[in-house]
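Every read-out reported here was derived from the displayed coordinates using simple, explicitly stated rules and does not represent laboratory data. Since the structure is predicted, the reported quantities are computational estimates derived from the model, not experimental observations. For neighbour counting, all protein chains shown are included, and Cβ atoms are generated from backbone atoms with ideal geometry for every residue, glycine included.
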Amino acid sequence: MSQPRRQETSPAPDGEFFPIRTIATLTGVNPITLRAWERRYGLIKPVRTPKGHRLYAREHIDLIHRVLTLLDKGMSISRVRHALEGKSAPASGKSDPWAPYRARMIGAVVEFDELALDETYNEALSLYPLELVTRRLLAPLLVELGERWETTEGSVAEEHFFAFYLRNKLGARFHHRARLAAGPRFLGACVPGEQHEIGLMLFALAAHEAGLQAVLLGANTPFEGLPLAAKRAGVDAIVLAGAVAGAPEAWRESLAQLVAGVKVPVLVGGGVSVHQHDIIVAAGAIALGDDIAAGVRRLKDSIGHQEKKS
């Protein structure tokens, strides 16, 4: 099989060029995805050194942001090049490019087919940034599966199968990224009674993408031990997560005591922060809502505000 011809261009010494990992940090698009965009769709064409290393200029960064804007509007990656060139994209009956991914993953869960589940998830990650995969694929998928499991269609076995798979997948990615993070640290834990840490792990990964470090304690964490843990870990904030919609009467007082007993901001995210917004705010904590990207921005703002006060 013949190899594609490389562009053997050596950048001028005074030109401003960046290696692929720097571009990944600046744009949030990982190197695997950038290479897939180049090879499969001809989107981002970096210059090449005589040794074949990819280098990117400022115009490449601008182009990547244009691609991200189109993807964020719901366009599939296969149609982006046509849009960038001002051409009409091939007709498509699918208005939601993520629907096929969700359907394939649900089918794999129903059949308990881990290989098919893994192939679909990895394919999405290879073509789209992690934040977009989380927001457009995983978050709606979890909602769809949750609704299925509440009816006779789903089963407890399906829920456990998918939760185990995703927890392992996200855990491996989290531990890999944890070695690379160097920004402010936050302590992450699920509220008392919350047994599922998937939402917390998705938030932690998004926070890592934004330059933060996470120290995770996992599911069903009592508030009483958090002040000491936060002090020992030297964190700049505490993030609590919960999807449960029930009134947090059992920990209303404990949350207020936690906020009063630590010197860092306490933030609560997930479905519980939407349904019980007023109770959380009354306790002195910050309600993040269930939008992960917006929550990460709010967390960074809170940490920055705290640093200015110190």
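What the table below lists for this structure:
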| item | result |
| --- | --- |
| P(r) weight above 21 Å for region 99-172, C-alpha pairs, percent | 17 |
| Near-label residues of region 258-284 by backbone N, under 17 Å of a point 7 Å along Cα→Cβ of GLU159 | 271-272 |
| Nearby aspartates and glutamates by direct alpha-carbon distance to LYS45 (threshold 15 angstrom, same-chain neighbours under 8 apart not counted) | GLU8, GLU59, ASP62, GLU85 |
| Selected from TYR121, VAL133, ILE106, residue furthest toward positive end of dipole (region 99-172; charges at beta carbon) | VAL133 |
| Other-chain or far-sequence residues with amide H under 5 Å of VAL47's (modelled H) | LEU55, ALA57 |
| Cβ charges +1 (Lys, Arg) and -1 (Asp, Glu), total dipole of the chain, debye | 1580 |
| Pairwise Cα inverse-distance average, inverted: Kirkwood Rh of the chain (Å) | 21.4 |
| Separation in nanometres of the label points that stand 7 Å from Cα toward Cβ, at ASP301 and GLU150 | 3.0 |
| Burial ordering of LYS169, LYS51, LYS45, LYS300, fewest other beta-carbon atoms within 10 Å first | LYS51, LYS45, LYS169, LYS300 |
| Span-rule helices in the chain, defined as complete DSSP H runs reaching 27 Å or more along the axis (Cα) with Kyte mean at least -0.5 | 156-178 |
